[in-house]
Amino acid sequence: MYGINTDDPATHSGAVDLRSDTLTRPTAAMRRAMAEAEVGDDVYREDPTVNALEERVADLFGHEAALFVPSGTMGNQIGLRLVCEPGQEVLGDADCHVLTYEMGAAAALFGLSSRTVVSDGGRLSADQLIAQVRPHGDWHLTATAAIAVENTHNRGGGLVQPLAELEKLFEWSRGAGVNVHLDGARIFNAHVASGVALSTYGGLADTASVCLSKGLGAPIGSVLVAGAERIAAARLWRKRLGGGMRQVGVLAAAAQYALDHHLERLAEDHEHARLLAERLGVDPATVETNIVVVEGVQAPLVAEVAKAQGVLVGQVSPTRIRLVTHLGVDRAGVEHAAKVVGELL
Ligand SMILES: *Cc1c(COP(=O)(O)O)cnc(C)c1O
């Protein structure tokens, strides 16, 4: 089929699959790195590949420590639990992943209360959130212990949060006794698009969860970063949730490979997304990274007809589709998708 890293059969799925960047398959070279990984029992902290990955990611984000977890959801939820006690509140925007797509975990597992504010398409406004924070020590009020920030923003179409807003929020939070959790599932896309250092983003959060399994192309895995004491606690939470894994260096090796070889190339995905936007008549200002959202369409129909022509798109709502570029779709695949979807619109 069309251009799915045609030089690397390991990534073939038989279609141009733009539903999500989680659909990447490990490349042949990544699989070799996995096969050759040195491993040990990670619950005993004896997996050298996991230990090296945790140290590397902690350093990248300028934090003391890190913990490898099976999913971004687990990274986020443990992250929230570290900075919020049962009965306290997490504040986030109404479309944020941690409160929209994580099965109510904060409430169901940890007794955390949550409140949301409707934002401008996911774009962070420090003032808007700060205005909603409820203080500690008032016997009438549910105290706001943490604010969740998402960068890039998934339902916001992959938008990169304005650095000035992140700085304003974090600076304010220091004096207010409120912690900031970063859902950095696509922080690597934000970094490549904005040129802002990962350590700068890391320095503006108390806890951050970052995904290796999105655009970076690892099959599994996220890393939670925070201070050393918090990560020690996170290790217990992970075990309690059933996320203590054994010879998981095979997965950490995929993550290491992804950081070595797939980080800079995210720029290519962003270029492909801009190309799709251009061809599909989508405002290029709405495409900052690897997600293209097309509004005002009959989503089920477009998805069905495109599928018959070998192009898979995501349906965000009955009138909205999204196309997410990633390393499994090369230029020829993007051209094919632009042609097929373009004709349908
Ligand atoms: C994908 C994603 C996650 C984590 O998803 P998992 O499937 O649990 O790994 C978290 N936040 C955002 C914004 C995401 O897009």
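Key figures for this structure:
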| read-out | value |
| --- | --- |
| Accessible surface of the stretch 28-261, 1.4 Å probe, proportion on carbon and sulfur as whole % | 51 percent |
| Exposure rank, largest accessible area first [Trp172, Trp139, Trp237; 1.4 Å] | Trp139, Trp172, Trp237 |
| Length added when fully stretched, Ser317-Glu36, from 0.36 nm per residue minus Cα-Cα | 96.9 nm |
| Percent accessible area from carbon and sulfur atoms, the stretch 264-344, protein chains only, probe 1.4 Å | 51 percent |
| Set of lysines near Lys339 by C-alpha distance (under 25 Å), chain-local residues within fewer than 8 positions excluded | Lys307 |
| Rounded accessible area per residue of the chain, 1.4 Å, Å² | 41 Å² |
| Positive-end extreme of charge dipole, the stretch 264-344 - chosen from Ala338, His272, Val313 (charges on Cβ) | Val313 |
| Per-residue ³J(HN,Hα) for the stretch 133-150, Karplus 6.51 cos²θ - 1.76 cosθ + 1.60, θ = phi - 60°, Hz, x for Gly and Pro | 5, 10, x, 6, x, 10, 6, 8, 10, 7, 6, 7, 9, 8, 10, 9, 10, 10 |
| Ranking by accessible area, most exposed first, for His97, His270 with a 1.4 Å probe | His97, His270 |
| Loop-resident sites, the stretch 252-313, for trypsin sites (Lys or Arg not before Pro), counting at most 12 other Cβ within 10 Å (DSSP) | none |
| The chain - percent relative contact order, Cα under 8 Å, separation 6 or more | 26 percent |
| Calculated FRET efficiency for the pair Thr22/Ala94, C-beta based, R₀ 25 Å, to 0.05 | 0.65 |
| Hits among lysines - C-alpha to C-alpha of Lys168 under 29 Å, sequence gap 8 or more where chains match | Lys214 |
| The chain - charge dipole about Cα centre, Lys and Arg +1 at Cβ, Asp and Glu -1, debye rounded to 20 | 680 debye |
| Alpha carbon centroid spacing (whole Å) that separates the stretch 236-256 from the stretch 263-277 | 30 Å |
| Dipole of the chain, positive direction: furthest Cα of Gln247, Asn189, Gly281, with charges on the beta-carbon | Gln247 |
| Rounded Å value of the spacing that divides the Cα centres of the stretch 140-193 and the stretch 40-59 | 27 Å |
| Estimated vicinal HN-Hα couplings, Hz - the stretch 164-170 in sequence order (Karplus 6.51, -1.76, 1.60; Gly, Pro = x) | 4, 6, 4, 5, 4, 5, 5 |
| Residue-averaged [θ]222 nm for the chain, counting only DSSP H segments that reach four residues, each worth -39500 (n - 2.57) | -12000 deg cm²/dmol |
| Potential lengthening between Ala164 and Arg134 on full extension [0.36 nm per residue; Cα-Cα distance subtracted] | 8.5 nm |
| J(HN,Hα) series, the stretch 173-185, from Karplus relation 6.51 cos²θ - 1.76 cosθ + 1.60, nearest Hz, glycine and proline x | 4, 4, x, 9, x, 10, 9, 10, 9, 9, 8, x, 3 |
| Full-extension gain in nm, His261 to Ala332, via 0.36 nm per residue minus C-alpha separation | 23.4 nm |
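The values are calculated or read from the model by the stated rules, or taken from the named source; none is laboratory data. Predicted model only: the values in this text are computed from it and were never measured. Here Cβ is always computed from backbone atoms with ideal geometry, including for glycine, and neighbour counts include all displayed protein chains. Heads up: the accessible areas ignore ligands, DNA and RNA and are worked out on the full protein's heavy atoms, side chains in. Shrake-Rupley method; radii C 1.70, N 1.55, O 1.52, S 1.80 Å.
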